[in-house]
Structure formats: structure tokens, C-alpha cells
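Read the figures in this text as sums done on the coordinates, not as results from a lab. Predicted, not measured: the structure shown is a model, and the values here were computed from it. Here the Cβ positions follow ideal geometry from the backbone for every residue, glycine too, while neighbour counts run over all protein chains shown.
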Amino acid sequence: MENNSLAQVLLGGEQNRIKLRWEARGAILLGVARGLAYLHEEVKPHIVHRDIKASNILLDQNLIPKVSDFGLSRILRDNASHISTRVAGTLGYLAPEYAVSGRLTRKTDVYSFGVLLLEIISGQTVVNFDFEHGERYLVQKAWELYRANRLLQLVDPVLGMNCPEADAVRYIKVGLLCVQETARFRPEMSTALKMLTNEIDIEGVQISQPGLVADLMNIKLGQKTTFQSLYSKASNMESTPSSLSSCS
């Protein structure tokens, strides 16, 4: 593809990210969401991609996204709600219930899409390291900013004034809805798409804490603690705000 992968453009340094203005990022997100909704709900039999990430989103000369690499995808036959399979995918994008049990559902892709959304809006990688916090996951950072009512701080600074604040806040909240720890709380892809386009109003919708697989080795070794919730301290604080109307 003319512009290679989204990962190369988005995560290849500030000069590359400048190319991705707000309108382009929004169009990429909507394109990927439409593609996944088609795979999950329209194509027969239904397909779960299983490895949605920035490097598997190709961009043409007009920055139109194409979901690629179906090598790990699985078919859901005869209206099956899930299949059991070996765990595969990319750390940081893995839904916790899938990483723990191998139970693959459409919500597995929804989780990965939520992580991808946060990457696109922030221009940050899934996991970063800094001396103050050590290893820190993007999902963790987004959740902390949500609880602190400071979601706009997650927006990629190269966007400057070219970023409608209300749209940015809505997109990030949709991302957080997609990465909720409990799979049944996550929206279907067609619903997430309508949330992004504001066809479904998410003001007042409760967002529960996200789940995160931080160490696949624990799962491979069969330890009881098979995934980490990095938000245990936050969950002991005041309850998550029920109103989603203000995040600046």
C-alpha cells in the first residue's frame, strides 16, 4: 500500500504523525470500525480477526484503511457465540478473558479495536517506559485520565488546535468502553461505530475499569493470577463518574 501501515505513519516519529490530521485519524477509525462490523455481523460465516493492531492496518494513497493479515482469523459458524482456541495475537491488544481461557468472541476484536483507537488519538504506543512510572500501558493512562476528568491530555499534541474537543473526548470514551474488563459490557462493533459517529449518545453511559494482560508468561506457567488489573488502586477510590459530559 502507498502509505504502508498505520504503525509506520502513526508511530514513526512526530514528522510522520503530522501527516495524520484529525480528519484523517477519524476517517481511519471509522473505516476500521466499519470493516470489523462487516466481518462480525454481515459476512457469512462471521469472522473474528484476532490480531487487530496498528501494523495490520494498511493505508492507501488517500489514507483509506484496509484491514490486513487474516492469518490468525477464525470463523464463527452457525451463529456460534464463541470458539475455544489457542491464545494468539499481540501483547497489549489481547482481551484478558481470551488470554486467560482461549475463549474467542467478537468482543475479543472489540477490545483490540479500543486499544487501536487510543493509539490513533494519542499518537502513543501501546506500552511506554518512563523513569517516574516505569512500564506503563496506554490503556492504564487513558483510564487514569478519565477518572481525573482530564481526557484531553491524552490527545496527540501535534494535532494542536485542529482537534474538536467534544469529538476527541467522545472517541476516547468509546475506546474505554471497548476495553472494559468484562467482555459483555463492551459494545458490538456496529454499536461502537454508531457511538463514534454520534448516532448513539454516550453521555451518561457508565464506563467500568479496563482489563489488561500485562504478562503472558503467567498464563503459560498456569499461575492463578493470569492477568493483571493495573487499576486496583483506582477501583478502591471514589466510584467512576456516571456523567460523561465533561472531560477537559
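One table, with the values for the structure above:
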read-out	value
Environment charge of G204, counting only residues whose C-beta is closer than 15 Å and scoring Lys/Arg +1, Asp/Glu -1	0
Sites matching trypsin sites (Lys or Arg not before Pro) across segment 1-74 that sit in DSSP coil, with at most 10 neighbouring C-beta atoms within 10 Å	none
